[in-house]
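Undergrad: Quick one: this structure, given as structure tokens, is what I'll be asking you about.
Where a number appears in this text, it was derived from the coordinates with a stated rule and is not lab data. Everything numeric here is computed off the predicted structure, so don't read it as measured data. Reconstructed Cβ throughout: ideal geometry from the backbone, glycine too, with neighbour counts over all protein chains shown.
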Amino acid sequence: MKLLQNFPSLPDAARRTNRLFVFFTVLLVMLAGMVSSVSAQMAAPKRTVVHPGRLLNVRTGELRANQAIVIEGDKVVQIAPSSEVKSAAGDTVIDLPEATLLPGLIDMHTHLTFDLNSLGYQGLSISTAREALHGARNAKRTLEAGFTTVRNVGAKDYADIALRDAINDGDVIGPRMVASGPALGITGGHCDENLLPPAFHLQGDGVADGVEAVQHKVREVIKYGADVIKICATGGVLSKGDDPNASQFTLEEMKAIVADAHRLGRKVAAHAHGAEGVRWASEAGVDSIEHGHLMDDAAVATLKKNGTYLVPTLFLGEYMEKNIEHSDVPEYSKQKMRDVAAAMQKNVKKAFDAGVKIAFGTDAAVYPHGLNAGEFHVYVKLGMTPLAAIQTATINAADLLGPKFKVGMLEPGKFADMIAVDGDPTKDVTILEHVKFVMKGGTVYKNEYGK
Ligand SMILES: [Zn+2]
């Protein structure tokens, strides 16, 4: 009975049906309006069109006038003669008539969360959170210097992964980061923490010894966000108690690291100075040797044979020759720094002459962030043409990163990452130390040319 009482009388039901009909009709009309406005947006997406004085093709060295680069969202969609690109209502037009435009630069070896004074004993007082904030400052400086992508190879407690994610989320201004998390290394090696006596049990985040342990560590850093695996194949300069000439991981350990990293879609970058460590890392299949400053002829030949990239990091040597005495280089590292700085150019030149593949990298942190482009003139001094030097920081670096990163060249489908400078950097590469316009992903971060 109750049911019947609650059942609406017929006229009521009709009114309600009528109201429902009106409601759904209105809803349909609104939805149709939304769909048509979405399709209108899809038909005419917002574009940015850049008209540089000259466009440098970094693959060929050709400089072309009267080119237009058309950007939709964060990607380049078209590059064509300006006369063939019709401007549409709502386009953002950027005219740079005095400038030479080229792809954003790539530094394959940075430590954005570190500064020179975060090394040694004074560095022990700096929290990871503070390092991440140093990283935010350094990321902005690096981007404004024209480096729209960096490969960050080593940070404490995943501060680099946090920084990468903050940049990607738009919380912090900086370059695209391909980040490693903590570098893997042996107990007591270059990538361990060797500053405190045993009672403190201080150990680097990436320490692993033996095949099973290194496999576990590779999987662990990938679990926490590593895009690339950084390992320490030999001793280093800015670490206490180790020898840059001595190899550290064994050949078997490095083979296990490379096998797991590659299977999981990550490249491997190996810090290596000494000749044996360079050879072992290359034979193990790492994708790049970082530094290579104490290589012998056999090590150079091994890189050439295996197609292993060398990331030279040479400008730090010039910087240190001038600044070491009043720098924050720890006392225990000063002699090692002098010895390595004295040898690095000669040994890396052998690799240049042998035709080893070179990707641009600086070790920024060992000298102030933002001076990264100082690296170029050293490559030219050692015999590279300016164009070849520019290629190390664009197409070569992009090749070493891998195609999924879509950087290093201005062409349809790649990220709209570009810089502009006065003059012709293929004649004078030091022009790249004075970048006046920076765009990353279609957003302008610096424009000293005005509009
Ligand atoms: Zn480094």
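Undergrad: Take each of the peptides 127-139, 78-90, average the number of other beta-carbon atoms within 10 Å over its residues, and list them starting from the highest. Numbers along the way, then the final one.
TA: Values: 127-139: 18.8, 78-90: 11.5.
Highest to lowest by the protection proxy: 127-139, 78-90.
Undergrad: Same structure, new question: At 7 Å along the Cα-to-beta-carbon direction for both E144 and A343, put a label point, then send me their distance in nm to one decimal.
TA: 3.9
Undergrad: Using 0.36 nm times the number of residues separating K223 and K427, minus their current alpha carbon distance, what extension gain do you get?
TA: 68.9 nm
Undergrad: Here is a follow-up. If you put +1 on each Lys and Arg Cβ and -1 on each Asp and Glu Cβ, how big is the dipole of the chain around its Cα centre, in Debye rounded to 20? Don't jump to the answer; show the numbers that get you there.
TA: On the way: 48 positive and 52 negative charges, 362 e Å.
Charge dipole of the chain: 1740 debye, to the nearest 20.
Undergrad: A further question on this structure: Evaluated at 10 °C with a viscosity of 1.306 mPa s, what Stokes-Einstein diffusion coefficient in µm²/s does region 258-337 have when Rh comes from the Kirkwood expression over alpha-carbon pairs?
TA: Numbers: Rh = 13.9 Å.
My calculation gives 114 µm²/s for D.
Undergrad: Return E411, E193 ranked ascending by Cβ neighbour count within 10 Å, so the fewest neighbours appear first.
TA: Listing E411, E193 from fewest to most nearby Cβ atoms yields E411, E193.
Undergrad: Right, here's the next one. Helix 297-306 against the longest principal axis of the chain: what's the angle in degrees, Cα atoms only, rounded to the nearest 10?
TA: Result, in degrees: 30.
Undergrad: State the dimensionless ratio Rg/Rh of the chain (Rg: radius of gyration of Cα atoms; Rh: Kirkwood radius).
TA: So for the chain, dividing Rg by the Kirkwood Rh gives 1.13.
Undergrad: May I ask you to derive the FRET efficiency for R130 and E84 from their Cβ-Cβ distance with R0 = 51 Å, giving the value to the nearest 0.05?
TA: Working: r = 52 Å, r/R0 = 1.02.
Step by step, r from the Cβ atoms, then E = 0.50.
Undergrad: Continuing with the same structure: According to the square roots a ≥ b ≥ c of the eigenvalues of the Cα gyration tensor, what is the shape class of region 362-430, taking rounded for a/c under 1.5, prolate for a/b larger than b/c otherwise, and oblate for the remainder?
TA: Cα axes put region 362-430 in the prolate bin.
Undergrad: Past the 26 angstrom mark, what percentage of all C-alpha to C-alpha distances in region 217-374 do you count?
TA: 25
Undergrad: Kindly provide the helix-only [θ] at 222 nm of the chain, computed as the sum of -39,500 (n - 2.57) over DSSP H runs of four or more divided by all residues, to the nearest 500 deg cm²/dmol?
TA: -12000 deg cm²/dmol
Undergrad: Another question about this same structure. Just need the relative contact order of the chain here, percent rounded to a whole number, with Cα pairs under 8 Å and 6+ apart.
TA: Relative contact order, the chain: 17 percent.
Undergrad: State the three equivalent ellipsoid semi-axes of region 83-132, derived from the C-alpha gyration tensor as the square roots of 5 times its eigenvalues, in descending order and whole Å.
TA: Whole-Å semi-axes of the equivalent ellipsoid: 46, 14, 9.
Undergrad: Moving on. Using a Debye calculation, one point per C-alpha and no hydration shell, please list log10 I(q)/I(0) for region 290-378 at q = 0.12, 0.20 Å⁻¹ in order.
TA: Result of the Debye calculation: -0.37, -0.92.
Undergrad: Place +1 on the Cβ of every Lys and Arg and -1 on the Cβ of every Asp and Glu in the chain, take the dipole about the Cα centre, and give the residue among L124, T250, A393 whose Cα lies farthest towards its positive end.
TA: Comparing the listed Cα positions along the dipole, A393 ranks first.
Undergrad: Along Cα→Cβ, 7 Å out, is where each label goes; now give me the distance between the ones at T187 and L251 in nm to one decimal.
TA: A separation of 2.4 nm, rounded to one decimal place.
Undergrad: State whether region 296-451 is rounded, prolate or oblate according to the following rule on the C-alpha gyration tensor (a ≥ b ≥ c being the square roots of its eigenvalues): a/c under 1.5 gives rounded; otherwise a/b larger than b/c gives prolate, and the remaining case gives oblate.
TA: oblate
Undergrad: For region 148-270, what does the convex hull of the Cα positions come to per residue, in cubic angstrom? Working shown, then result.
TA: Numbers: hull volume 13.9 nm³, N = 123.
Hull volume over Cα atoms, normalised by residue count, gives 113 Å³.
Undergrad: Let me ask something else about it. Would you mind computing Rg(Cα) / (2.2 N^0.38 Å) for region 337-392, counting N as its residues?
TA: Normalised Cα radius of gyration, region 337-392: 1.14.
Undergrad: Just order 202-213, 327-338, 242-253, 177-188 by mean Cβ neighbour count inside 10 Å, highest at the front, would you?
TA: Going from most to least packed, we get 177-188, 242-253, 202-213, 327-338.
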